[in-house]
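Engineer: Mind having a look at this structure? Questions to follow.
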Amino acid sequence: MVFEEVLRNLPLVSAALMYAIVAVQIMRDRFKTWTESFFLAGFFFAGTYALADFLFFTAPNYERAVFAAKLSISSLTLSVLFFLLFTTLFLRRMKDWYLVSAVPALLSLSAVWIGMVSGVEQTTWGWVVTYNQGVYLAWLVYTVVYLTIGIFNMYRAHVAAKKMSRTIASRTLGIMLALLASLGVGLGTNAYFNAVGIDTVPLFSTVIAIPALATLLVVLPLTREKVANAAKYLASNRYEVLATYLVHADGTLIVSRSSMTEMKVDKDIFSATLDVIQNFMRTSFPSLGGKWLTKIEQKDLKILIERGKFTFLALVIKGEENDILRRQMKDLLATFETKNGESLTHWRGIAQEAQDTDLVINAFFARGSRPETGL
């Protein structure tokens with residue numbers, strides 16, 4: 001009985017780890033891209049699943065047990081959806097049709113609250129759910145398919161990591177194996193207990209603490225950027241950076257770099273024109289709500305723009321952009337503005353007063369010409 005009492009409370013550990021991951025990401029400002037939003041949502045609902053399981057195991061009456069059971073399954077349904085979306089965008093750009101994957105999830109949620117959960121039964125240690133078997137089987141297919149695709153996407157990220165570093169590869173492999181182990185142990189024991197009639201606490205919401213802990217160690221500031229480098233390596237295969245421009249908010253070019261030998265436009269004129277276009281779009285179209293322009297696209301060329309408090313960074317690329325590139329732009333811009341806060345606040349239009357401009361520009365080029373400082 002003591003052992004079962006411990007098992008009934010262990011899902012709280014899983015929930016705490018999941019919510020800790022969410023908290024760390026929010027504290028580190030990692031929630032402003034699709035990829036980061038799906039990552040947070042996935043772990044938030046995984047934590048809610050574990051918490052709901054605890055509430056189910058310890059429910060004082062039938063009504064609360066039924067509600068906790070439905071909340072648990074619903075949270076797991078959403079966590080699986082966001083896991084799939086996150087691992088998909090980890091490799092490529094967000095596209096509207098990806099959201100079609102939410103349709104089976106929404107249908108599953110409806111089924112959970114309408115008819116999948118037939119009721120609950122009290123046992124010696126707590127409660128167990130009784131299901132409408134046909135609806136439960138359909139939900140199980142959805143869950144297995146989405147998890148399989150997500151794990152395959154993780155494997156692709158691991159393959160990319162192996163080309164960079166054994167240390168990075170070991171971390172991505174560790175997360176993947178931890179997830180597979182939790183699925184195998186958790187779902188396997190749940191199925192085995194049901195098959196042979198063992199009356200004890202299901203383990204899945206407890207063992208998901210394993211991948212949660214592995215992920216938490218990765219997202220901590222000391223390690224996450226190293227794993228993120230593997231993502232950048234894989235994502236960069238989908239685009240080519242042709243030019244970069246770091247520009248002050250007043251239109252002054254601070255530094256630039258280009259590999260486009262065919263480009264005939266003066267770099268200072270280009271940066272000033274870009275600033276004019278942004279201001280024109282922002283002030284002339286009320287429907288934008290005062291937001292700044294973030295992209296200009298013509299055929300296979302794109303100009304991506306990210307703004308900070310004092311400056312903006314523009315990249316000319318060929319190919320497909322993605323959230324990882326956008327995050328890299330945001331981070332480099334934030335680091336640059338922190339380093340140069342004093343000179344940017346009292347900007348005199350002298351580009352040479354800015355420090356570490358080469359770190360911003362060179363980050364997008366594996367090799368090439370030296371950066372050009374604006375005048």
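The values are calculated or read from the model by the stated rules, or taken from the named source; none is laboratory data. In this text the structure is predicted, and so the values were computed from the model without any measurement. Methodologically, a virtual Cβ is constructed for each residue, glycine included, from the backbone with ideal geometry; neighbour enumeration extends over all protein chains shown.
Engineer: Among the residues of region 106-138, count how many are assigned to a strand (DSSP E or B) and among the polar types (S, T, N, Q). So that I can check it myself, show each step before the final result.
Structural biologist: Step one: filter region 106-138 for residues assigned to a strand (DSSP E or B), giving 117-122, 127-131.
If we keep only those that are among the polar types (S, T, N, Q) too, we end up with 118, 122, 130.
So the answer is 3.
So that you can scan it fast, the table gives a plain yes or no per residue for (1) charged (D, E, K, R); (2) modelled with pLDDT under 75; (3) surrounded by 20 or more Cβ atoms within 10 Å (Cβ to Cβ); (4) touching a helix residue (DSSP H, G or I) at 6+ places or on another chain (Cβ under 7 Å):
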residue: A231; (1), (2), (3), (4): no, yes, yes, yes
residue: L253; (1), (2), (3), (4): no, no, yes, yes
residue: S259; (1), (2), (3), (4): no, no, no, no
residue: D266; (1), (2), (3), (4): yes, yes, no, no
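Engineer: Could you tell me whether region 182-198 includes any residue that is in the same structural domain as A102 (by TED's automatic domain parsing), surrounded by 16 or more Cβ atoms within 10 Å (Cβ to Cβ), within 24 Å of I73 (Cβ to Cβ) and modelled with pLDDT of 70 or more?
Structural biologist: The answer is yes, given that some residue of region 182-198 is in the same structural domain as A102 (by TED's automatic domain parsing), surrounded by 16 or more Cβ atoms within 10 Å (Cβ to Cβ), within 24 Å of I73 (Cβ to Cβ) and modelled with pLDDT of 70 or more.
Engineer: I'd like to know if region 39-46 contains one or more residues that are buried (at least 18 other Cβ atoms within 10 Å of the Cβ), assigned by TED's automatic domain parsing to the domain that holds V201 and over 27 Å from W113 (Cβ atoms).
Structural biologist: No, region 39-46 contains no residue that is buried (at least 18 other Cβ atoms within 10 Å of the Cβ), assigned by TED's automatic domain parsing to the domain that holds V201 and over 27 Å from W113 (Cβ atoms).
Engineer: Shifting gears a bit: Just to be sure before I move on: is L359 modelled with pLDDT under 85, more than 23 Å from the chain's Cα centre (by Cα) and part of a helix (DSSP H, G or I) in the structure I sent?
Structural biologist: So L359 passes the test.
Engineer: Residues being farther than 16 Å from I149 by Cβ and surrounded by fewer than 20 Cβ atoms within 10 Å (Cβ to Cβ): count how many of those fall in region 75-92.
Structural biologist: 0
Engineer: While we're on this one: Is at least one residue of region 303-315 closer than 20 Å to S258 by Cα, outside the structural domain of K32 (by TED's automatic domain parsing) and not in a strand (DSSP E or B)?
Structural biologist: no
Engineer: Right, here's the next one. Since A65 meets every condition but one in (1) closer than 24 Å to Q328 by Cα; (2) out of contact with any Lys or Arg (no Cβ under 7 Å at 6 or more places or on another chain), which condition does it not meet?
Structural biologist: Result: A65 fails condition (1) only.
Engineer: Scan region 50-72 residue by residue and report those that are more than 14 Å from R8 (Cα to Cα) and without any contact (Cβ under 8 Å) to a residue 12 or more places away in the chain.
Structural biologist: N61, E63, R64, F67
Okay, residues lined up against (1) over 21 Å from D53 (Cβ atoms); (2) free of Cβ contacts under 8 Å to residues at least 60 places away in the same chain; (3) under 32 Å from the mean Cα position of the chain (by Cα):
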position	(1), (2), (3)
T124	no, no, no
Y142	no, no, yes
V145	yes, yes, yes
T148	yes, yes, yes
N153	yes, no, yes
R156	yes, no, yes
K162	yes, yes, yes
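Engineer: Something else about it: Given the criteria of a type in the set (V, I, T) and either surrounded by fewer than 19 Cβ atoms within 10 Å (Cβ to Cβ) or not in a helix (DSSP H, G or I) (or both), does V103 qualify?
Structural biologist: Judged against the criteria, V103 is a match.
Engineer: In region 333-352, what residues are within 11 Å of V255 (Cα to Cα) and surrounded by 13 or more Cβ atoms within 10 Å (Cβ to Cβ)?
Structural biologist: Within region 333-352, just A351 meets the criteria.
Engineer: For V6, only one of the following conditions fails: (1) without any contact (Cβ under 8 Å) to a residue 60 or more places away in the chain; (2) buried (at least 23 other Cβ atoms within 10 Å of the Cβ); (3) more than 21 Å from Y142 (Cβ to Cβ). What is its number?
Structural biologist: (2)
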